[in-house]
Each structure stands twice: as structure tokens, then as C-alpha cells.
Amino acid sequence: MSSVTVLATGPLATVQDLGRGGYAHLGVPRSGAADRESLRLANRLVGNPEDLAAVEITHGGFAMRADGDLTVAATGAQAGLVVGDRPTGPNATVVVRDGQHLRVAAPTRGCRVYLAVRGGFDVEAALGSRSTDTLSGLGPARLAVGDRLAVGAAAGEWPATQWAPRPGPDGLTVTLTATVGPRADRLADPEALFTGTWTVNPASNRVGVRLDRLDGPALEHLPGLPELRSEGIAHGSVQVPPSGQPVLFGPDHPVTGGYPVAAVLTAESLDRAGQLTPGDVVHLRLVD
């Protein structure tokens, strides 16, 4: 059986699939890829079912050795790849020969690269998923130097194309669309969330993207209201703590929270939020 040996992880590298849905009532979030469409594309490029496990690489710096000939694809953030001594690009099928090294550079836009291998990474599943939950520790551990990842047997048909270029983002401001949340009425001015721009705080991670006000009105709670009891929250919930600095909950979010959820990101914007990196400028746009 072919495998991959991890030579470097960068700031964070984890195994992710599409997550473990259906366990929120037990306190278990879905987890899974922060940018699900990029994971699906990487799997399609190597002829896998879309839900097979891949490596999610945050901010680059990842390196591996192929133990056996492998067919791989990298998608997501705009980052260069080097196979052996040959530079290559993302969104394309690449062959890595037995003993060759593959390295992923730091992205120039976005933060997460998805590295899929034909056959998928065959790590132990927990509650039906091979995803690492960085908050609870459920699933496989974060990858470390020296880890050996087994590659599963290839079962899918080869795709019609081995190259799938994707357009880059428009402009320097990332626009995220959202619908009104169930507790927007607990804000003094709910429209303030969608006015002006925000910037991504360095404390952001897979649990949530923290936003700092760049320009626009302050976001404040209505005074005099009793505290909320903890209630269920979902991936994409936009929670507003008393500081007025919103949190966009990511795949490893807690399943309950006690601050108002003022908005909920649309499905498309969930993937965009999964690529936000510290310093990015964000505008939230309200949709019906």
C-alpha cells in the first residue's frame, strides 16, 4: 500500500473530509474542511469521491515524501507547489513518484490549501469522519513531522479534465453574504454589522474568524436586556460579543453559545470565510 511521510507541517496541517454531520445534539460539531468546495475540487481532479479525506494545509510550509507513486492535486489558496525540483501550480493533477518530495509554499492569497491523493488518506475515522476537530480533539491528531499516512485504494473513474483553473478574488475586499440571524434584535443597530468594513484578527482559527472594526459605526448590544441563555449555534453563525467584534463561526465551532447571533453566512460565503487570513478586509452584505 502506498503512503505519505510528513516532512514538515507549517503552522497547521490536519486531515479533513466533509465532516461528521448529525451529532450536534451530542455536543459534536460537524468539523471538516473549512473550504468545502476546494476539498471537493481536489478530490474530483484525482478521480476520488468528493468526500474522501485530504490534508488541509494552513499558511503553507508543508512537505511530504511519496512512498510509492502517487497522483495528487492541490486546490484552495493561491500557493506554489514544488515536486522534486520542479515547480508546479494548483488546481491540476500532478504525479509524485516514489521517493519524491512535494512542498507547498506560503499562499499569496487565501490561507488553506487542500492536498488530495488518488485513493484518499486512509486514517482512522471517528463518528464516521476522518476530520480533525481542533477544538475537541476528536478525530486524528494534528499532523506532525514523521507521521505516515496510508493511501486508500483508488476506486473512482478518471475525471474528464486534469486541470481546473479558478478565477481569483475580485479586488482587495472580501464580500461575504449573510441572512439576518435570530438575535439581531438584541443589537442597538443591527445594520451596523453590514455597514463599513472589518479586518481579520490574527487570533482567528478553525473555530472562528474574529473581526475588528476598520471603518463604520460601532456594533453595540441594546442596553438593559437580560443575558441570553446558551443556545444552539451553527457553522456560519455571526455572533456578537459585548466587545462588538463579531465572530464568524468556522467548522470547529462550539455547538452552543450565549451571545447574540446577528447573522448567518450563506453557504457560498462559508467557503470564502474559510480562506480569510489575518489582515484581510471584509464587508458583510445582507441578503434575503
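Laboratory data are not the source of any read-out in this text; all were calculated from the coordinates shown. Quick caveat, the model's predicted, so the values are computed rather than measured. Every residue, glycine among them, receives a Cβ derived from its backbone with ideal geometry; neighbour counts consider all protein chains shown.
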Worksheet item: Over what distance in Å are the Cα centres of the stretch 225-288 and the stretch 1-59 separated?
Response: 22 Å
Worksheet item: Quick one: if you stick a label point 7 Å off each Cα along the C-beta vector at Q100 and Q162, how many nm between them?
Response: 1.0 nm
Worksheet item: When only DSSP loop residues count, what GluC sites (Glu not before Pro) in the stretch 189-288 have their Cβ near at most 12 other Cβ atoms within 10 Å?
Response: E227
Worksheet item: Going by how many other beta carbons lie within 10 Å of each one, how would you line up D271, D133, fewest first?
Response: D271, D133
Item to complete: Provide the per-residue ³J(HN,Hα) series for the stretch 85-97, in order, calculated from phi with Karplus coefficients 6.51, -1.76, 1.60 and θ = phi - 60°, each as a whole number of Hz, with x at glycine and proline positions.
Response: 10, 10, x, 8, x, x, 6, 8, 6, 10, 9, 10, 6
Response to the item:
Of all trypsin sites (Lys or Arg not before Pro) in the stretch 37-130, the ones in DSSP coil with at most 16 other Cβ atoms within 10 Å are R97
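Pull up the DSSP beta bridges for the chain and report the antiparallel fraction as a percent, rounded to 5.
About 90 percent, rounded to the nearest 5.
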Practice prompt. For the stretch 19-26, just list the computed ³J(HN,Hα) in residue order, Karplus coefficients 6.51, -1.76 and 1.60, θ = phi - 60°, integers in Hz, with x standing in for Gly and Pro.
Written response: x, 10, x, x, 10, 4, 5, 9
Worksheet, complete the sentence: Computed over the stretch 3-150, the Cα gyration tensor eigenvalues, each multiplied by 5 and square-rooted, give semi-axes in Å (largest first) of 24, 15, 14
Discussion item. Using amide H atoms built in the peptide plane, which far-off residues or other-chain residues are under 5 Å from L187 H to H?
Written reply: L222
Practice prompt. Could you grab the relative contact order for the stretch 3-150? Cα pairs under 8 Å, six or more apart, rounded to a whole percent.
Written response: 33 percent
Worksheet item: Normalised by the residues of the chain, what does the relative contact order come to in percent, with Cα pairs under 8 Å and at least six apart?
Response: 21 percent
Worksheet entry | Derived scalar couplings ³J(HN,Hα) [the stretch 122-138; Karplus, 6.51 cos²θ - 1.76 cosθ + 1.60; whole Hz; x for Gly, Pro] | 9, 9, 5, 8, 10, 6, x, 9, 9, 7, 8, 9, 6, 7, 8, x, 6
Worksheet item: What trypsin sites (Lys or Arg not before Pro) does the stretch 141-236 have in DSSP loop regions with at most 15 other beta carbons within 10 Å?
Response: R142, R229
Discussion item. What do you get for the angle between helix 36-45 and the principal long axis of the chain? Use alpha-carbon atoms, 0 to 90 degrees, nearest ten.
Written reply: 20 degrees
Worksheet item: Given the stretch 173-286, what percent of its DSSP beta bridges are antiparallel, to the nearest 5?
Response: 75 percent
